[in-house]
Amino acid sequence: MLATTAKQVGNGHWDALRKCITAWQRRWHQGAIAGRTGRMENNSVQTTSKSLLETRVIRQGRELTRAALGRNQFIKAMFSFPAMCVSLMVAVLFALSVRAIGEPDIWWHLRNARQLLEYRAMARVDTYSFTANGAPWINHEWLSEVPFFLGFKSLGLQGILLTYFVLVALIYLGVYYRAWRGGANCKNAVVATMVSILFGVVSIGPRMLLFGWLCMVVLLILLDRFRRKGSGIWLVPPLFALWINLHGSWVFGLVVLATVILCGLPQGTWGLVETRRWAPSERRKLLTASALSCAALLLNPFGYHLILYPLELLSRQHLVTSEIQEWQPVNFATGNGKLALIMILTLLAAALFSRRKWRLDEVALVAFALVTSLTHARFLFFAGLIMAPILAPRLTLFPPYDRDSDKPLLNAAIMVGVVVALIHFFPSSERLQQKVDAEYPTAALNFMQAQNITGRILNSYGWGGYMEWRAPELRPFIDGRADIFIYNGVFADYVDATTLRRLLEVLDKYHIAYALLGPEKPMAYLLDHVPGWRVIYSDKVAKLYERQSIEGAAGPGGK
């Protein structure tokens, strides 16, 4: 019995011990699992932190790499072969600009701008000459005059040179850009732009029309952009609002805009000529922009009178076209005439040998440019702007530009040389003044002021504006504002005097007491050999004649 009881107790203890061991094993196993889980979580956190750090470092590295590549690409583009070619083109423009400081009309433009800025008043009647004093006058280039005057006020003659050099550079950079975007490689684009520059040589100088041609280039770029991307057309109306206050060439802008719109109305192909019809949405945008552009022309100080001014001038321009050289037809015996002939032959060759399609608007614009430029040499500049970007993609003078064979260091050296040359050869104000004194009667005007001469003066046409700027108390007979003198008959009388048909009669008609003429002028030769006139001042530039019998010749104060 005791044995049985002992056995039962032993079995109970054994069962209890076994349960305790099982429970301990379970807790240990759970603890081990929890420990492993904790360690795994710690490892996971550490791994995640490490991964985030590595990702951040990789991202920053990629950004730095992209920035470095961007800088390298920018540096390569900045010192690429096309950029070097453009710098050489700018150097050519600078060389042409330096020699053209003596533009006859710049002087009365400076006086206009000075009056506007000092008195806040727009000139509406003539107060400069004695032959048109008080006559109504529209200064249709008033806004273009302001930058030239501000340049002169800041840097003197250097400021004038810098102003029109920047204008010319912007114009021809725009021509090059259009040629390149039109499909020409950089070499052929530069050649075409250089031809355009040669066409524009006649107008490179301190001339207000440069602002007009810059507006033309901007208009053409906007129309190109609209054709490619359908955007940019809403900048055209503000452009015309600015343009009409800068120069009368806005009329050409309307012709170009109308030509582009009309040539996009049909659809078809005629040999190498093709046209694509504007989509309805494109047509609506173009017509709306055109209507707004016409309305924007009224945003000027003279209202509708300024819009009618070019038409009125054209209706009375027979004397201008017959007597002023730049308004005459192109003479193929001159350098510009030969260039025009070369351009015409190049057009014919491009039409015959290039298989590239011509858009209908390109054909129409080339025809318009040729007609206007051959009729009036003044518009050779316009012809170059229109035709160079059209011809450039059809030229195959050079192989395409190979970026891999570029030499950035050599290009950079050439570009630095160009910049150094521009700085070194930029003329001083004294040198520019010497150029002016070699073309205009500075010394003669000083003599007249010293002698207190106040009688009426017959002057050479190109000197009137300089007299108005340099010696405003000496009112000239005529200046470069041809329109105001055409309207009252003074221009016709001046032509008769210069051609010696009615010189003596004109001198008596206007009671002329003095004549300020170039020594080589026919009028000077005649006055040297007729009684009643004597030379009171003479130098290499000018001769000043005085009427010996001045009865009835000198009006009070030269008025």
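Observations
- Number of the exception - ALA113 against (1) within 22 Å of the chain's Cα centre (by Cα); (2) small (Gly, Ala, Ser); (3) assigned to a loop (DSSP other than H, G, I, E, B): (3)
- When ALA497 is tested against (1) in contact (Cβ under 8 Å) with a residue 12 or more places away in the chain; (2) outside the structural domain of LEU88 (by TED's automatic domain parsing); (3) among the small types (Gly, Ala, Ser); (4) over 25 Å from ILE324 (Cα atoms), just one condition goes unmet, and that condition is (4).
Okay, residues lined up against (1) closer than 27 Å to SER144 by Cα; (2) part of a helix (DSSP H, G or I):
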| position | (1), (2) |
| --- | --- |
| ALA241 | yes, yes |
| GLY248 | yes, no |
| LEU254 | yes, yes |
| LEU265 | no, no |
| ARG277 | no, no |
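- Test for PHE252: is it surrounded by 19 or more Cβ atoms within 10 Å (Cβ to Cβ), modelled with pLDDT of 95 or more, out of contact with any Gly (no Cβ under 9 Å at 6 or more places or on another chain) and of a type in the set (Phe, Trp, Tyr): no
- Matching residues in region 431-462 - criterion: being without any contact (Cβ under 8 Å) to a residue 24 or more places away in the chain and either within 31 Å of the chain's Cα centre (by Cα) or not assigned by TED's automatic domain parsing to the domain that holds TYR510 (or both): ARG431, GLN434
- Residue check, GLY465 in contact (Cβ under 8 Å) with a residue 24 or more places away in the chain and either under 21 Å from ASP126 (Cβ atoms) or in contact with a strand residue (DSSP E or B) (Cβ under 7 Å, 6 or more places away or on another chain) (or both): yes
- Every condition in (1) among the polar types (S, T, N, Q); (2) surrounded by fewer than 19 Cβ atoms within 10 Å (Cβ to Cβ); (3) within 28 Å of TYR172 (Cβ to Cβ) is met by SER293 except one, and the failing one is (2).
- Among the residues of region 445-464, those identified as over 19 Å from HIS109 (Cα atoms) and part of a strand (DSSP E or B) are ILE457, LEU458.
- Residue list for region 465-492, filter: part of a helix (DSSP H, G or I), surrounded by fewer than 21 Cβ atoms within 10 Å (Cβ to Cβ) and among the charged types (D, E, K, R): ARG470, ASP483
- Residue identified as at pLDDT 95 or above, part of a helix (DSSP H, G or I) and surrounded by 16 or more Cβ atoms within 10 Å (Cβ to Cβ) among LEU306, LEU286: LEU286
- Annotation: of all residues in region 318-331 being surrounded by 13 or more Cβ atoms within 10 Å (Cβ to Cβ) and free of Cβ contacts under 8 Å to residues at least 60 places away in the same chain, the one that is nearest to VAL490 (Cα to Cα) is THR321.
- Flag for VAL236 being of a type in the set (A, V, I, L, M, F, W, C) and out of contact with any Ser or Thr (no Cβ under 9 Å at 6 or more places or on another chain): no
- Selection status of THR193, in contact with an Asp or Glu (Cβ under 8 Å, 6 or more places away or on another chain), of a type in the set (S, T, N, Q) and part of a helix (DSSP H, G or I): no
- Residues satisfying the stated conditions in region 158-187, i.e. touching a Gly at 6+ places or on another chain (Cβ under 9 Å) and either among the polar types (S, T, N, Q) or buried (at least 21 other Cβ atoms within 10 Å of the Cβ) (or both): GLN158, ILE160, LEU161, THR163, TYR164, VAL168, ILE171, TYR172, VAL175
- Scope region 494-530; condition buried (at least 16 other Cβ atoms within 10 Å of the Cβ) and β-branched (Val, Ile, Thr); matching residues: VAL495, THR498, VAL506, ILE512
- Selection from region 225-260 of residues that are closer than 17 Å to VAL366 by Cβ and β-branched (Val, Ile, Thr): VAL255, VAL256, THR259, VAL260
- Taking the criterion of being out of contact with any helix residue (DSSP H, G or I) (no Cβ under 7 Å at 6 or more places or on another chain), assigned to a loop (DSSP other than H, G, I, E, B) and small (Gly, Ala, Ser), the only residue of region 130-184 that qualifies is GLY134.
- Scanning region 510-559 for residues that are among the charged types (D, E, K, R), modelled with pLDDT of 95 or more and closer than 18 Å to GLY464 by Cβ yields one hit, LYS543.
- Across region 192-213, the number of residues qualifying as closer than 20 Å to THR259 by Cα and surrounded by fewer than 22 Cβ atoms within 10 Å (Cβ to Cβ) comes to 0.
The values are calculated or read from the model by the stated rules, or taken from the named source; none is laboratory data. Here the structure is a predicted model, which is why all the values come from computation and not from measurement. All Cβ positions, even for glycine, are placed from backbone atoms using ideal geometry, and neighbour counts span all protein chains on display.
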